[in-house]
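Worksheet: one structure, shown below.
The values are calculated or read from the model by the stated rules, or taken from the named source; none is laboratory data. Since the structure is predicted, the reported quantities are computational estimates derived from the model, not experimental observations. We place every Cβ from the backbone using ideal geometry, glycine too, and count neighbours over all the protein chains shown. Accessible surface areas use protein heavy atoms only, side chains included; no ligands, DNA or RNA. Shrake-Rupley method; radii C 1.70, N 1.55, O 1.52, S 1.80 Å.
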Amino acid sequence: MLWIARRELASIFSTALGWLVLTGFLLITGVFWVFGVDDYAMAVAGGVYNPYDIAGLNITNNLLLPFFGNCTVIVLMVTPALSMRLFSEEIKGHTLELLLTSPVSTGQIVLGKFLGAVGFLAVLLLCTAHIPISLYWIAEPDPGVLVGGYLALLLLGSAVLAMGMCFSAYTGNQVVALTVTFSMALALYVISFSETDPESFVNKVSVSTHVIDLIRGAVRTTDLAYFTAFIGFFLFATHQRLESFRWR
Amino acid sequence: MAVMARFAWAFGLAGAVAWIGALSVAYVVGSWSGPPTTLGVLGTALWVAWVAFDARSLADTMSTRHFRLSSGSVALQAVALLVAIVAYAVVDDRLDRTFDLTGKRAHTLSTQTVSVLQGLDAPVDVLAFFPEGSAEGLAFSRLITLYTQASANVRLEWIDPLAHPVRARTERISGPTVVLKQGDREERLEIDFTETNLTRRLVLVQSDTEHHVCWSTGHGEADPDGDATPDGYGAAVLVLEGLNYRVSRVSVAGEGIPGDCEVFVVARPQHDWMPSEREALAAFVGGGGDALVLLDPIAETPGFDADLDRFGVTVFDDVVFDADRSRTVAGMEGTLAVHDDGVLAHPVTSPLAGAVVLPVARSLDLAVRDGLLAKELLRTSTQAWGETDLTDPDVKPDPGLDRTGQLLLGVVVEVVDPDVLSIARPAEGPVDPGAPDAGRLVPPDWKGVPGGRIVVVGDGDFGSNQALAWGSNQDFFLNLFAWATGEEEQIGDRPDLAEPLDLSEVGSAMLCLVSVVFVPGAAMLLALVTLLRRGLLAKGEA
């Protein structure tokens with residue numbers, strides 16, 4: 001399984017797509033970070049004239065929260081591009097049969113590919129380490145919020161990767177897998193935008209509801225259960241889909 | 001029968017349509033009662049009919065190998081989905097806990113709130129009226145989740161007033177509101193949906209404690225019900241009433257000061273007090289009561305002002321100006337902004353985040369007396385003076401006439417020994433209607449009780465409708481009452497000030513370079529190297 005994960009991770013870096021995704025991700029997060037810091041610094045500077053106008057302005061709510069909020073959208077766009085090729089490429093290139101006949105179980109294949117993709121996501125997030133480092137250089141941020149923010153991005157990305165991997169197992173066309181995954185992820189993200197009731201159905205289903213507390217540095221068991229159930233179900237569905245190739 | 005079997009698929013389709021309709025209506029209405037249930041039953045009936053009419057064809061299909069294997073897989077996936085949903089629902093319903101990663105414990109309820117929640121002996125219904133998607137509602141939903149996690153006695157009902165106008169009308173909702181109900185008691189929160197305010201309401205909804213504030217009338221005092229004029233105190237009194245204070249008007253000349261008054265307010269008297277009224281006020285404070293005296297510089301109350309001397313407070317007949325620009329409100333000459341070292345340490349003033357803005361103030365002084373414990377609350381900068389000649393258009397300190405330097409604007413005096421107040425007693429025996437009886441409004445059974453306090457502020461407008469929202473005036477006003485009635489937990493907290501960034505121009509440029517150029521550039525460079533190497537390797541192999 002780990003061998004498959006390593007192979008998957010290496011294959012991402014051996015293609016232009018992996019590097020393009022990494023460069024694009026770092027560029028966009030970098031731009032958002034610089035703009036965010038600039039806006040915050042401007043607001044603080046404005047407070048010299050009236051300190052009470054900016055009372056309560058803090059790095060957690062006014063810098064890190066918007067930044068990680070923007071990052072969730074970037075992750076939402078990037079991860080379908082990673083997951084689209086996980087099985088679609090194998091189906092299109094007729095290498096899936098080879099993989100299925102190799103001496104590894106379907107479960108190991110699914111988990112290996114998933115871990116490989118999550119590994120790449122972790123590398124993406126790790127490459128943004130300069131952001132918290134620079135923040136510690138210029139201010140005193142709350143480490144809990146930083147940990148929560150990165151955990152939120154990792155869980156959100158993993159959930160979308162699991163879903164995207166499942167869809168990619170249903171089609172040999174990577175564009176179809178990308179489109180369906182992104183549409184579903186976006187729908188699950190925005191579905192709760194106009195809903196306030198925390199007990200409402202859409203808030204329970206929506207993925208954005210379950211990342212917002214994490215970004216704020218609050219880890220709720222409900223959120224962890226949501227992502228575990230979400231990822232678990234799609235991994236199982238992918239497993240079932242691959243199994244179906246065996247008896248066809 | 002053959003015809004029915006041929007068109008049986010239509011029943012299946014109609015059943016699906018009926019179920020989609022049922023789900024849609026249930027989602028929109030927010031309930032399964034009525035049409036959604038009817039549609040659901042209809043849909044199920046149509047599916048049963050479909051199976052009944054097309055049983056043979058369905059049986060043929062189900063007997064194929066492909067169907068057996070694929071349907072088994074679909075069934076397994078459905079079961080997996082069900083397990084995932086149930087597992088999530090169980091955690092959400094029974095095991096929902098929050099682990100706070102933040103250093104400032106931003107997602108942890110204060111110990112006071114936790115103890116209040118643990119002390120709930122009966123359920124409290126929290127009705128949250130917020131329009132869908134409102135920012136206030138979202139913030140409140142995060143807060144109330146912590147409350148529901150901490151106590152099963154907090155029962156939350158979320159109501160969109162736009163979707164349920166009848167319910168909103170019944171509960172008299174005019175904007176975002178949180179209504180707390182326990183039995184017949186009810187508390188409402190309409191602004192500042194913070195933990196402090198919510199917990200305060202939670203305490204109040206369980207408490208029968210009501211503080212009685214008496215508001216002096218009969219000398220042209222500020223109107224406690226006046227909410228239409230800038231100088232009325234209607235807005236301030238409304239806030240007080242929202243915090244379980246009952247404010248009643250009292251005419252001292254007619255009835256004296258009722259014994260159940262916890263705080264007696266003299267707000268901006270315009271006409272002088274009779275000696276008997278002044279004795280009644282002194283007796284009230286000497287008897288352990290708390291009085292709040294807000295004075296107006298322009299008022300003609302020489303007797304009342306002079307009588308404050310028995311508390312060690314001297315009131316000067318002047319209007320205070322401050323030459324320190326930072327202590328005045330720009331464009332409003334004579335309006336003082338008291339802040340920093342002008343606000344002296346005291347439970348009432350220490351938590352204030354902003355300036356206390358006094359529109360027109362007169363200066364005070366304090367004398368040290370045995371039996372009295374005096375403390376300064378507010379004062380000007382060292383560049384202030386008390387202008388005595390208001391007819392002179394050139395406002396500047398007149399040496400020898402005006403008091404100059406750091407002037408007192410607010411004081412608090414605690415009576416340790418009531419005898420130092422020399423309170424007159426009611427005359428005994430037959431009273432001559434023509435003779436003055438200074439002690440006639442003092443209760444016959446009056447007994448001195450140490451601990452009475454009097455707060456004197458040299459401005460009577462800071463709590464008016466016009467000035468209440470200026471600076472920290474509202475907090476100062478409310479803190480005075482909270483302190484006087486022993487409700488220390490209601491004294492406002494100092495909000496966090498802005499967290500700065502230590503970012504120079506060079507630092508800003510470096511940050512930009514690293515984030516936008518160096519790091520993405522390094523990734524791009526590595527990409528080029530990898531791809532070039534791969535290309536060279538491929539060429540070599542060829």
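Expressed as a whole percent, the accessible surface of the protein assembly as shown that belongs to carbon and sulfur atoms is 63, based on a 1.4 Å probe.
Note on B:Thr388 and B:Leu13: with the Förster distance fixed at 60 Å, the Cβ-Cβ geometry gives a FRET efficiency of about 0.05. Counting Cβ atoms of other protein chains within 10 Å of each Cβ in B:76-84 and taking the mean gives 5.
About its Cα centre, the dipole of chain B is roughly 4600 debye, where the only charges are +1 on Lys and Arg Cβ and -1 on Asp and Glu Cβ. Modelled label positions at B:Met510 and A:Val104, each set 7 Å beyond Cα in the direction of Cβ, lie 4.5 nm from each other. For chain B, the longest principal axis of the alpha carbon atoms and the long axis of helix B:195-206 meet at an angle near 80°. Per residue, segment B:118-200 exposes an accessible area of 49 Å² to a 1.4 Å probe, with every protein chain left in place. Name the shape class, rounded, prolate or oblate, that the alpha-carbon gyration tensor gives for segment B:2-94, where a ≥ b ≥ c are the square roots of its eigenvalues, rounded holds for a/c under 1.5, and otherwise prolate holds if a/b is larger than b/c and oblate otherwise. Judged from the Cα gyration tensor, segment B:2-94 comes out oblate (a/c at least 1.5, b/c at or above a/b). In segment A:97-145, burial by the other protein chains removes 20 Å² or more of 1.4 Å probe accessible surface, compared with the chain on its own, from A:His130, A:Trp137, A:Ile138, A:Asp142, A:Gly144. Rounded to the nearest 500, the 222 nm mean residue ellipticity of chain A from helices alone is -25500 deg cm²/dmol, with -39,500 (n - 2.57) taken per DSSP H run of at least 4 residues.
Computed from the Cβ-Cβ distance with R0 of 30 Å, the FRET efficiency linking B:Arg105 to B:Ala469 stands at 0.45. Between chain A and chain B, the total buried accessible area stands at approximately 5400 Å², from heavy atoms with a 1.4 Å probe.
With no solvent and one point on each alpha carbon, what is the Debye value of log10 I(q)/I(0) for chain B at q = 0.09, 0.10, 0.13 Å⁻¹? Debye curve over Cα of chain B, log10 I(q)/I(0) at q = 0.09, 0.10, 0.13 Å⁻¹: -0.86, -0.97, -1.30. Less than 5 angstrom separates the built amide H of B:Val154 from those of B:Val124, all sequence-distant by 5 or more or on a different chain. Peptide A:195-208 has a mean shielding of 5, counted as Cβ atoms of other protein chains within 10 Å of each residue's Cβ.
Take every DSSP beta bridge whose two residues both sit in segment B:159-264; close to 35 percent of them are antiparallel.
Once the Cα atoms are used to define both axes, helix A:221-247 deviates from the longest principal axis of chain A by about 20 degrees. Relative contact order for segment B:124-186: 54 percent, from Cα pairs under 8 Å spaced at least 6 residues apart, divided by residue count. Once you have a ≥ b ≥ c as the square roots of the Cα gyration tensor eigenvalues for segment B:271-398, tell me rounded if a/c is under 1.5, and otherwise prolate or oblate according to whether a/b is larger than b/c. Cα axes put segment B:271-398 in the oblate bin. Note on B:Lys396 and B:Val41: their simple-model spin labels are 9.4 nm apart, each label 7 Å out from Cα toward Cβ. Ignoring ligands, DNA and RNA, what accessible area per residue does segment B:2-94 give at 1.4 Å, in Å²? Per residue, segment B:2-94 has 67 Å² of solvent-accessible surface. Partner shielding of A:210-218 amounts to 4, given as the average count of beta-carbon atoms from other chains within 10 Å of each residue beta-carbon.
Over chain A, accessible surface divided per residue gives 39 Å², non-protein components excluded, 1.4 Å probe. Counting only alpha carbon atoms, the long axis of helix A:16-46 and the longest principal axis of chain A meet at about 10°.
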